[in-house]
Structures are given as structure tokens and as C-alpha cells.
Amino acid sequence: MSAGRSGETAERHIGAIERWHPRLDRYLDASRRPIVLADGLIWPEGPTWDSKRNCLYFSDIPANRIYQWSSAGGLTVRRAPAGSLGEAAVDPEVMPGTNGLLYLPEEDALLICDQDSRSLRKLSLASGALSEVLDSGGTPFNSPNDLVVSRGGVIYFTDPPYGLRKGNRSAARRRAFNGVYQSDGSGGARLVSRAMSYPNGIALSVDERYLYVSQSDEQAPLIRRFRLEDGRAVDDGEVWYDMAAHRSADSPGLPDGMTVAHDGTVFATAPGGVIVISPDGSALGRIFTGRATANCCFGEDGRTLFVTADKCLLQLRTLTRAPG
């Protein structure tokens, strides 16, 4: 594995910026290319920025590790094994480790999609202690995958079967559908939707009136948008953006994780990279990586986009910024 530090002279770049609409110029400089911060990873996922320590955390799911990257320290292992059961035996039907992560600045903790327990856990970054967040109500979730938290503390998360080694055919699967859920943090979870075949990445609009959920389905790769009132979905979601046309031999992958800029523009992982989509659903361009791309988030001063893709961690300076 090799890892670089921001600011080193021997920067390695991959991909390109594809400008599909002049409005892309508000968000990206098309002359720039993504910088490779680390390669030799397996399938990095769930990046999140720690504003207290000025570092990025992300999961490498098959490696069962949570990594930490900073411009000062480069790449280090933050937690291994990553999952809540540690070295203890995990159900052989389950792939151990973690997926989506979210830094909670008020608690100085990581909210974790934990594949070991098939639930959500909270990791104190000060003490290393893990605590339970969700009660499955006696029926284990499939494999919580990605998550987002509203300003009021409502947790929204997706529950596809990707952490089960045999997916939908797994003998460990106890739910007949792959759902989208929400929780107010008191322990229980409420079903938002069971209409999506493979719900994956998830994000909230800046005004929290909409919930975006990607569907990683080869037959129907898309993003669905749910309308929220008082934090609850009031419809089954509309197809907000269809990605079928972007699939090609040089653009592998499916829609996955996403993040939202301060003006509501969505940076959504997609076949071959990250597509920049305006709030009205118009695609403005793509950060082309040429590989399956898992997730992205803003970090540093809020203007740097970090991207996890097949075998690598990427960085790109933008002309926009994170909310807040």
C-alpha cells in the first residue's frame, strides 16, 4: 500500500473533470484532476471528516479496518478489527467490519454502520468505548450500510444485504426486504420505505425537506428522493435521477454514497466516478475516476472533496463548500 500527503510535490493524479454544462464552473475547475492520497486499499467506504482532529476516517470493508488520513500524518489504521465483535467469532454468513461512518462533533464520536452486529454503534474517539444505538426489535437488520443525521438528531440509514456473504440468499437474512429506516436515537427504528431493491447511499437536502437514497441495482441504477415533513417521509419517493445511461465499459460501478454542498447541489457517486447534480435533477458534469466509486464527503476547510473508490482514496479541491 502507498499513501501520500497533501502538499507533497510528487502528486499522482487519475481521471478527469467532465464538463457537461456551463454551471459546473460554479463547483469545479475542469482543469484539475483528482489526487491519489492512498492506493493498495481493497474497497474503501464511508468517509467522514473529523473537524476536531482535522482528519478523515473511512472503512475498508474487506480489510475489516477503519483508517485515518490527515495532511500531517498521512494514512494510519485507526481501528482493527473495525467491527464491534473484534476478534470474537462473527456469524460465518456475515462479512465482519464496518461500512458507513459519520463523525458527531457534539459527542466527539463516530456513528458506525456495524456489520458484525448488523446494527448501528457509536464509538467514542476519546475512550474507544462502543455503545449500542439501535434496537432491532428482535429481528436483525440485514446490514446497515450508510447513514445521515438531521440537525434535530434523527438518524436515517439504509439496510441492504451487502454485509451478508450471500446477499439476499443468505440464511442469516431475517427481513424479507431491503429497507430505509429512521431512528430518533431512543433505540427503535421506523421504516421509511421498503420499495427500493438495493438502497445504499443516503443524504439530506440542506433544508431537510428531502431525503436522497441511491439504489445500487444493475437493472435500475438511480437516486430516489423522498419528501419529508417533520422529519418523516410522506411519500414513497420519486425517481430523482436515473443513472442507467452512464453505465459503460469504461464507467464501472453503480450509484452509491453521496454528499450535499451548501447550496443543495448533490455530489453523487455513479458509474465511473462522481456526478454533480443540481437540486432540480440536472447533471452538470462528472468527476471521472474510471473505476467503481463508493462514496464521498467534504472535509478540511469544507472545500475539499474526499472520494473513496476501488482500491484508492482520492482528493479534489472544489469551488463550492460543505453546508454550515
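The values are calculated or read from the model by the stated rules, or taken from the named source; none is laboratory data. The structure presented is a predicted model; accordingly, all values stated were derived computationally and were not measured. Cβ coordinates were reconstructed from backbone atoms using ideal geometry, including for glycine residues, and neighbour counts include every protein chain displayed.
In contact (Cβ under 8 Å) with a residue 40 or more places away in the chain, part of a loop (DSSP other than H, G, I, E, B), out of contact with any strand residue (DSSP E or B) (no Cβ under 9 Å at 6 or more places or on another chain) and of a type outside the set (Val, Ile, Thr), is that true of Asp263?
Numbers: in contact (Cβ under 8 Å) with a residue 40 or more places away in the chain: yes; part of a loop (DSSP other than H, G, I, E, B): yes; out of contact with any strand residue (DSSP E or B) (no Cβ under 9 Å at 6 or more places or on another chain): yes; of a type outside the set (Val, Ile, Thr): yes.
Judged against the criteria, Asp263 is a match.
Would you tally the residues in region 19-52 being exposed (fewer than 15 other Cβ atoms within 10 Å of the Cβ) and either without any contact (Cβ under 8 Å) to a residue 40 or more places away in the chain or touching a His at 6+ places or on another chain (Cβ under 8 Å) (or both)?
2
Among Gly86, Gly100, which is of a type in the set (Gly, Ala, Ser) and touching a Leu at 6+ places or on another chain (Cβ under 6 Å)?
Numbers: Gly86 fails: touching a Leu at 6+ places or on another chain (Cβ under 6 Å).
Matching residue, one of Gly86, Gly100: Gly100.
Between residues in region 68-84 that are at positive phi and residues that are surrounded by 14 or more Cβ atoms within 10 Å (Cβ to Cβ), which pairs lie under 9 Å by C-beta distance while being six or more apart or on different chains?
Within 9 Å, the pairs are Gly74/Ala3; Gly74/Gly4; Gly74/Arg5; Gly74/Leu37; Gly74/Ala38.
Please pick out the residue among Gly257, Gly237 that is at pLDDT below 95 and buried (at least 16 other Cβ atoms within 10 Å of the Cβ). Walk me through how you get there before you give the answer.
Numbers: Gly257 fails: at pLDDT below 95.
Unique residue meeting the criteria: Gly237.
When only residues in region 133-176 that are aliphatic (A, V, I, L, M) and in a loop (DSSP other than H, G, I, E, B) count, which is modelled with the highest pLDDT? Outline the logic, then answer.
If we filter region 133-176 for residues that are aliphatic (A, V, I, L, M), which is where we start, we get 133-134, 147-149, 154-155, 164, 171-172, 176.
Checking which are in a loop (DSSP other than H, G, I, E, B) leaves us with 133-134, 154, 171-172, 176.
Values: Val133: 93, Leu134: 90, Val154: 97, Ala171: 94, Ala172: 93, Ala176: 94.
Among those that are aliphatic (A, V, I, L, M) and in a loop (DSSP other than H, G, I, E, B), it is Val154.
Within the group Ala244, Ala294, Ala309, which residue is farther than 26 Å from Leu228 by Cβ and under 14 Å from the mean Cα position of the chain (by Cα)?
Result: Ala309 is the single residue among Ala244, Ala294, Ala309 that is farther than 26 Å from Leu228 by Cβ and under 14 Å from the mean Cα position of the chain (by Cα).
When the residues of region 1-13 are filtered to those that are surrounded by fewer than 17 Cβ atoms within 10 Å (Cβ to Cβ), more than 18 Å from Arg303 (Cα to Cα) and of a type outside the set (Ser, Thr, Tyr), which remaining residue is modelled with the lowest pLDDT?
From region 1-13, those surrounded by fewer than 17 Cβ atoms within 10 Å (Cβ to Cβ) are 1-2, 5-13; that's our starting set.
Narrowing the set further to residues that are more than 18 Å from Arg303 (Cα to Cα) leaves 1-2, 8-13.
Remaining after also requiring of a type outside the set (Ser, Thr, Tyr): 1, 8, 10-13.
On the way: Met1: 74, Glu8: 48, Ala10: 74, Glu11: 89, Arg12: 97, His13: 98.
The selected residue is Glu8.
Pairs, please: C-beta under 9 Å, at least 6 apart or cross-chain, first residue in contact (Cβ under 8 Å) with a residue 60 or more places away in the chain and farther than 14 Å from Ser71 by Cβ and in region 303-315, second part of a strand (DSSP E or B) and of a type in the set (D, E, K, R)?
Taking only residues 6 or more apart or on different chains, the pairs are Thr308/Glu45; Thr308/Asp60; Lys311/Asp39; Cys312/Asp39.
Return yes when Arg303 is among the basic types (Lys, Arg), within 18 Å of Ile17 (Cα to Cα) and in contact with an Asp or Glu (Cβ under 8 Å, 6 or more places away or on another chain) and no when it is not. Break it down into steps so the answer makes sense when it comes.
Working: among the basic types (Lys, Arg): yes; within 18 Å of Ile17 (Cα to Cα): yes; in contact with an Asp or Glu (Cβ under 8 Å, 6 or more places away or on another chain): no.
For Arg303, the condition - among the basic types (Lys, Arg), within 18 Å of Ile17 (Cα to Cα) and in contact with an Asp or Glu (Cβ under 8 Å, 6 or more places away or on another chain) - is not met.
Conditions (1) touching a Gly at 6+ places or on another chain (Cβ under 8 Å); (2) farther than 26 Å from Ala233 by Cα; (3) surrounded by 18 or more Cβ atoms within 10 Å (Cβ to Cβ), marked per residue:
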{"site": "Gly74", "(1), (2), (3)": "yes, yes, no"}
{"site": "Ala89", "(1), (2), (3)": "no, yes, no"}
{"site": "Leu101", "(1), (2), (3)": "yes, no, yes"}
{"site": "Ile112", "(1), (2), (3)": "yes, no, yes"}
{"site": "Ser119", "(1), (2), (3)": "no, no, yes"}
{"site": "Leu123", "(1), (2), (3)": "no, yes, yes"}
{"site": "Asn142", "(1), (2), (3)": "yes, no, yes"}
{"site": "Val148", "(1), (2), (3)": "no, no, yes"}
{"site": "Ile155", "(1), (2), (3)": "yes, no, yes"}
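Within region 177-195, take every residue that is farther than 26 Å from Ala322 by Cβ and not in a strand (DSSP E or B) and give me the one that is nearest to the chain's Cα centre (by Cα).
Asn178
Tell me which strands (runs of 3 or more DSSP E) are completely within region 32-112 and hold 3 or more residues being closer than 30 Å to Arg19 by Cβ and modelled with pLDDT of 95 or more, or say none if there are none.
35-39, 44-50
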